[in-house]
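Participant: Take this structure, written in C-alpha cells, and hold onto it; I'll ask about it next.
The values are calculated or read from the model by the stated rules, or taken from the named source; none is laboratory data. Quick caveat: nothing in here was measured; it's all calculated off a predicted structure. Here Cβ is always computed from backbone atoms with ideal geometry, including for glycine, and neighbour counts include all displayed protein chains.
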Amino acid sequence: MDKSNNVEYAVEMNHVSKIYKLKKKDGKEKSKGPDHFYALKDISLKIEKGDVVGILGTNGSGKSTVSVVLAGISDIDEGDLTINGEQALISINTGLNQQLTGLENINVKGALLGFNKKKIQEITEDVIEFAELGDFLYQPVKKYSSGMKSRLGFSISLALNPDIFIVDEALSVGDKGFAQKCLDRMKQLRDEKGKTILFISHSLPQVREFCKSAIWIEGGRLVECGEVNEVCDHYSQYVDKMNKMPDKEKKKMLEEKFKERLIVEQEAKGFRKILKKIGL
C-alpha cells in the first residue's frame, strides 16, 4: 500500500476516529456509565489508486464503519480523511428506497447524480443486463430477497462506474453463480480499468484470490496492513484461537476489549467539544 513518495493515493486516513452513542437493547439511551464508544480509533493508513484491498475483522470490529466512512455516508469525528475520486458503496439495502421499484431506484440514483435522460437510460440498460432480475425490476424493492437487493445495488454501482468500489459483504447473500459473476466483473475492473476496490468479506478464500493487499481491523483499531496472504494468515490464526476458547473465556475477553473502546470520564473532558459538534 504505502510503498513510495511517488504513488497516487485513492484513500488517506490520518488518525481517524469515529464515535457512536451507546444504547440499551431496547434502543433507549444509557443513563449511567460511559455512553459513547469508539467505533474506530486512531486509524492511519494509505491505499494506492488501483489497489484491491481486503478488509478483515470479526463481527463488531469496525469493518462496516470503515465502509460508510469511506463512502461519505458518515462523517468522521477526529483526524483527517482524504478520498481522491468518486466512490460507491455496494452493500445490501444501502442506497435503495424500499418503497420504489428497482427501475425507479435506478432513475432516482441517476437523477441525484445529475445525469441527463440519455445517460440514465444507458445506465438502466446496463443494470437490466447485469442484474438478471426480470420482471422483479418493476416490483417494489421491499418485496426483494436479500440476494435480489444485492444484485440490484451491485449492478447500479457497476453502471455508475466510480473510481473507488467499496464492497461490504454484498457477495455473501444470494446464489453462488451471481457472486462469481460479480467477482469476475470486479477482476476485469481491477485488471483492465485500474479501479480501486475495497473488499469487505468474511470469506478468506475470496480475499486471498481477489485482493492484492489486506487490512485487519479489530476492536476499532488497525491491527495490520500489508500483503494479502500474510495478513490473512495472521487473521486466520487469531480467529482459530478465539474459536478454541471456552465460551465463558471468550465472552470475558470480548467484554474487556469493548471496555477499551469506551470513552470514560477521564477522557470525557477532551471530547465534550467533539460530541457537541456532532450533536451527541
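Participant: Just wondering, is there one or more residues in the range 264-274 that are at pLDDT below 90, out of contact with any strand residue (DSSP E or B) (no Cβ under 8 Å at 6 or more places or on another chain) and hydrophobic (A, V, I, L, M, F, W, C)? Full working, then the answer.
Facilitator: Let us first name the residues in the range 264-274 that are at pLDDT below 90, namely 264-274.
Now restrict to residues that are out of contact with any strand residue (DSSP E or B) (no Cβ under 8 Å at 6 or more places or on another chain): 264-270, 272-273.
Going one step further and asking which of them are hydrophobic (A, V, I, L, M, F, W, C), we end up with 264, 268.
Checked against the condition, which is being at pLDDT below 90, out of contact with any strand residue (DSSP E or B) (no Cβ under 8 Å at 6 or more places or on another chain) and hydrophobic (A, V, I, L, M, F, W, C), the range 264-274 yields at least one hit.
Participant: Same structure again: Identify, by number, the condition in (1) crowded, with 17+ Cβ neighbours inside 10 Å; (2) free of Cβ contacts under 8 Å to residues at least 40 places away in the same chain; (3) basic (Lys, Arg) that Lys119 doesn't meet.
Facilitator: (1) is the only condition that Lys119 fails.
Participant: Only one of (1) farther than 20 Å from Asp168 by Cβ; (2) surrounded by 17 or more Cβ atoms within 10 Å (Cβ to Cβ); (3) at pLDDT below 90 fails for Thr124. Which number is that?
Facilitator: Against the list (1) farther than 20 Å from Asp168 by Cβ; (2) surrounded by 17 or more Cβ atoms within 10 Å (Cβ to Cβ); (3) at pLDDT below 90, Thr124 comes up short only on (3).
Participant: Also, quick follow-up: If you check Gln206, Gln237, which single one turns out to be surrounded by fewer than 20 Cβ atoms within 10 Å (Cβ to Cβ), over 18 Å from the mean Cα position of the chain (by Cα) and over 22 Å from Lys49 (Cβ atoms)?
Facilitator: Values: Gln206 fails: over 18 Å from the mean Cα position of the chain (by Cα).
Residue meeting the stated conditions: Gln237.
Participant: Pick from the range 65-89 the residues that are under 21 Å from Ser155 (Cβ atoms) and in contact with an Asp or Glu (Cβ under 6 Å, 6 or more places away or on another chain): which of them is surrounded by the most Cβ atoms within 10 Å (Cβ to Cβ)?
Facilitator: Ser67
Participant: Residue check, Glu218 against (1) surrounded by 18 or more Cβ atoms within 10 Å (Cβ to Cβ); (2) in contact with a helix residue (DSSP H, G or I) (Cβ under 6 Å, 6 or more places away or on another chain); (3) among the acidic types (Asp, Glu), all met but one. Which one?
Facilitator: Tallying (1) surrounded by 18 or more Cβ atoms within 10 Å (Cβ to Cβ); (2) in contact with a helix residue (DSSP H, G or I) (Cβ under 6 Å, 6 or more places away or on another chain); (3) among the acidic types (Asp, Glu), Glu218 fails exactly one: (2).
Participant: With the requirement that a residue be part of a helix (DSSP H, G or I) and under 16 Å from the mean Cα position of the chain (by Cα), what does the range 52-107 give you? Give the derivation first.
Facilitator: Of the residues in the range 52-107, the ones part of a helix (DSSP H, G or I) are 63-70, 102-107.
Correct list: Lys63, Ser64, Thr65, Val66, Ser67, Val68, Val69, Leu70.
Participant: Give the residues of the range 177-203 that are on the phi < 0 side of the Ramachandran plot and surrounded by fewer than 14 Cβ atoms within 10 Å (Cβ to Cβ), sorted by residue number. I'd like the intermediate steps shown before the answer.
Facilitator: So in the range 177-203, the residues on the phi < 0 side of the Ramachandran plot come out as 177-193, 195-203.
Of everything in the range 177-203, those that are on the phi < 0 side of the Ramachandran plot and surrounded by fewer than 14 Cβ atoms within 10 Å (Cβ to Cβ) turn out to be Gly177, Gln180, Asp184, Gln188, Asp191, Glu192, Lys193.
Participant: Inside the range 126-154, can you point out the residues that are assigned to a helix (DSSP H, G or I) and at positive phi? I'd like the intermediate steps shown before the answer.
Facilitator: Just the residues of the range 126-154 that are assigned to a helix (DSSP H, G or I), to begin with: 126-131, 134-138, 141-143, 146-154.
Answer for the range 126-154, where residues must be assigned to a helix (DSSP H, G or I) and at positive phi: just Gly134.
Participant: Which numbered condition trips up Ile164, out of (1) crowded, with 21+ Cβ neighbours inside 10 Å; (2) modelled with pLDDT of 90 or more; (3) over 17 Å from Ile197 (Cα atoms)?
Facilitator: Condition not satisfied by Ile164: (3).
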